[in-house]
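The values are calculated or read from the model by the stated rules, or taken from the named source; none is laboratory data. Source: prediction; values computed, not measured. Cβ coordinates were reconstructed from backbone atoms using ideal geometry, including for glycine residues, and neighbour counts include every protein chain displayed. All accessible areas refer to the heavy atoms of the entire protein, side chains included, with ligands and DNA or RNA removed. Shrake-Rupley method; radii C 1.70, N 1.55, O 1.52, S 1.80 Å.
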Amino acid sequence: MARNILRVAAALALTTLVGCASGPSLQVAEMGSFHVGGRAVTLAGLPQRELVFTPGAPPLKLDPNGDFEVEALYARYTRLCKPKARYPPLLWHGGGLAGTTFETKPDGQPGWENFFLRAGYDVYVSDAVERGRASWARYPEIFKSEPFFRPKKEAWELFRIGDTDSYATDPAKRRALPGTQFPVTAFDQFAKQAIPRWGTNDAATQAAYDAYVDKVCPCVIVVHSQGGNFAFNSALKYPQKVKALVAVETSGSPNADTYDFARVKGVPMLWVWGDNLGKFAFWERIAAQQEQFRDSLVRAGGKGERIVLPEIGITGNSHMLMMDRNSDQIAALIDQWLARQGLKN
């Protein structure tokens, strides 16, 4: 009897892992998470006070002094039983966001994490210092400034979902750009992902990303928006560990005049851009800066390619390419480019 029960349990477990009626199954070897980087801090001399931690409980003395671990990065991973890719992509998010950028899309459809797993990659998704499960730290004692928050109007317009002054509190009155690929009915759901950010934590964030690359790689970095600067710097520090870098609508990079391109010329890089860049002076400047950076890489003997989606007939994409309705089409272009670099078996 016990042996039969064990057989049934094993069959059920196998069905759970590899049996899926709705589509091809994923055979997962391991899922896990960890924190990496950061530092130990000791605080002293701060005032104590009483606080009720749980409704109905007696007050306890809150002592903010003591030892703390701060400025670490959080990452989680999914490893396949038989990956097709030689190296895992590390998916790095942009400003005011976290790893949820690459998970389930705001409209409920599978995101890039799911795409790359099904394409045969082990996948890592992270929350940078101060974001999501990486947690906060006390300020101004540790973080040196207060956080700031992105209003929905800024996200709607800065992310090229709608034109300038096209946002309205009433969803019915918002005016999206013609032909937008962003699922506008899910915009408020997307706004729930917004996370406060600090303008004074770049050094700590870079240190944590560097520790992450050192721990996990060799790897591929797929980075979005504000995260670009950190990715280019990590590639510079660990050019033997970063096997490729995909800069998706990246809004920042190191100074091209001082960056050591010769050191990273063995790291193939790809820039991916959406639509309507020319409608916004901010994005025109960003794209021009990135093109200067890419040109400098190529002149140094490196490989720097770009995909401008409307130039190949794919129109309407926002800054949030991985959330747009055609996100799988764009991810497939990245997958194909990685394969051309010899990074899939």
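Taking region 71-113 as the range and being surrounded by fewer than 20 Cβ atoms within 10 Å (Cβ to Cβ) and β-branched (V, I, T) as the test, only T104 passes. Any residue in region 290-299 that is outside any loop (DSSP other than H, G, I, E, B) and in contact with a Leu (Cβ under 9 Å, 6 or more places away or on another chain)? No, every residue in region 290-299 fails to be outside any loop (DSSP other than H, G, I, E, B) and in contact with a Leu (Cβ under 9 Å, 6 or more places away or on another chain). Scanning region 220-234 for residues that are over 21 Å from F148 (Cβ atoms) and buried (at least 24 other Cβ atoms within 10 Å of the Cβ) turns up V220, I221, V222, V223, A231, F232, S234.
Please enumerate the residues belonging to region 202-211 that are within 15 Å of G228 (Cα to Cα) and surrounded by 22 or more Cβ atoms within 10 Å (Cβ to Cβ). Matches in region 202-211: T205, A208, Y209.
Here is the figure for region 39-64: residues that are farther than 30 Å from A211 by Cα, of a type in the set (A, V, I, L, M) and in contact with a strand residue (DSSP E or B) (Cβ under 7 Å, 6 or more places away or on another chain) total 3.
Inside region 196-240, can you point out the residues that are in contact with a Ser or Thr (Cβ under 8 Å, 6 or more places away or on another chain) and under 18 Å from L297 (Cα atoms)?
Going residue by residue through region 196-240, those that are in contact with a Ser or Thr (Cβ under 8 Å, 6 or more places away or on another chain) are 198-200, 206, 209-210, 212-213, 221, 223-232.
Those that are in contact with a Ser or Thr (Cβ under 8 Å, 6 or more places away or on another chain) and under 18 Å from L297 (Cα atoms): I221, V223, G228, N229, F230, A231, F232.
The numbered conditions (1) open to solvent by 20 Å² or more (accessible area, probe 1.4 Å); (2) at pLDDT 95 or above are all true for L177 except (1). Scanning region 305-341 for residues that are open to solvent by less than 30 Å² (accessible area, probe 1.4 Å), more than 21 Å from the chain's Cα centre (by Cα) and without any contact (Cβ under 8 Å) to a residue 60 or more places away in the chain yields one hit, I314. As a summary of the residue check, G179 satisfies the conditions (1) touching a residue at least 24 places away in the same chain (Cβ under 8 Å); (2) more than 22 Å from A281 (Cα to Cα) except for the one numbered (2). Looking at region 152-173 only, could you name the residues that are open to solvent by 30 Å² or more (accessible area, probe 1.4 Å) and either among the aromatic types (F, W, Y) or in a loop (DSSP other than H, G, I, E, B) (or both)? Once the filter is applied, which keeps residues that are open to solvent by 30 Å² or more (accessible area, probe 1.4 Å) and either among the aromatic types (F, W, Y) or in a loop (DSSP other than H, G, I, E, B) (or both), region 152-173 yields D163, T164, D165, Y167, T169, D170.
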